[in-house]
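Trainee: Supplied in structure tokens, the structure appears directly below.
The values are calculated or read from the model by the stated rules, or taken from the named source; none is laboratory data. Please read all numbers here as calculations on a predicted model, not as lab measurements. Note that we place each Cβ from the backbone using ideal geometry, even for glycine, and neighbour counts take in every protein chain shown.
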Amino acid sequence: MISADYLPFLIQALLAAGITALVIIASQFFGQRARHTKIKDSAYECGVPAEGLIHTRFSVKFFLTALLFMLFDLEIVILVPWTFIYREFLANHIAILGPIMFFIGVLVLGLVYEIKKGALEWEK
């Protein structure tokens, strides 16, 4: 059967699949596609009915900022666990500093490229 070592992983995988299925099913029942009514389809913000265009266009800078945030958020997600296991790798004589420095170097090169292209300057 299943080893006791894999039980926490199995529980986490089942919980993730269950929550995902629950969110998808709930969005089908309660989402915008569920029923088309005037109240449900109208834009609503802070208790005041919306005026003007409902779907406004955003500048590309918003999306660039979001992508840069995701890039450096991913970096933190990778670096924090790495700092916790670094000592264990050193104790087992496994070279881990080189690959992580390569990873950080690629991210720094990406940041330098973004700065040179002016992606971080809000107004030109």
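Trainee: Somewhere in the range 68-88, is a residue basic (Lys, Arg), at pLDDT below 85 and not in a helix (DSSP H, G or I)? If you could, list the steps in order and put the result at the bottom.
Mentor: The initial filter retains those residues of the range 68-88 that are basic (Lys, Arg), namely 87.
Next, from what is left, pick out any that are at pLDDT below 85: 87.
Those still in the list that are not in a helix (DSSP H, G or I) too: none.
No, the range 68-88 contains no residue that is basic (Lys, Arg), at pLDDT below 85 and not in a helix (DSSP H, G or I).
Trainee: Taking the range 82-124 only, how many residues are farther than 20 Å from residue 72 by Cα and not small (Gly, Ala, Ser)? Spell out how you get there, then give the answer.
Mentor: Kept after step one, since they are farther than 20 Å from residue 72 by Cα, are these residues of the range 82-124: 85-96, 123-124.
So of that shortlist, the ones also not small (Gly, Ala, Ser) come out as 85-90, 92-94, 96, 123-124.
Residues in the range 82-124 being farther than 20 Å from residue 72 by Cα and not small (Gly, Ala, Ser): 12 in total.
Trainee: Looking for something surrounded by 10 or more Cβ atoms within 10 Å (Cβ to Cβ) and in a loop (DSSP other than H, G, I, E, B) - is there at least one such residue anywhere in the range 96-110?
Mentor: yes
Trainee: Further question: Check the range 19-27 and report whether any residue there is surrounded by 10 or more Cβ atoms within 10 Å (Cβ to Cβ), modelled with pLDDT under 85 and not aliphatic (A, V, I, L, M).
Mentor: yes
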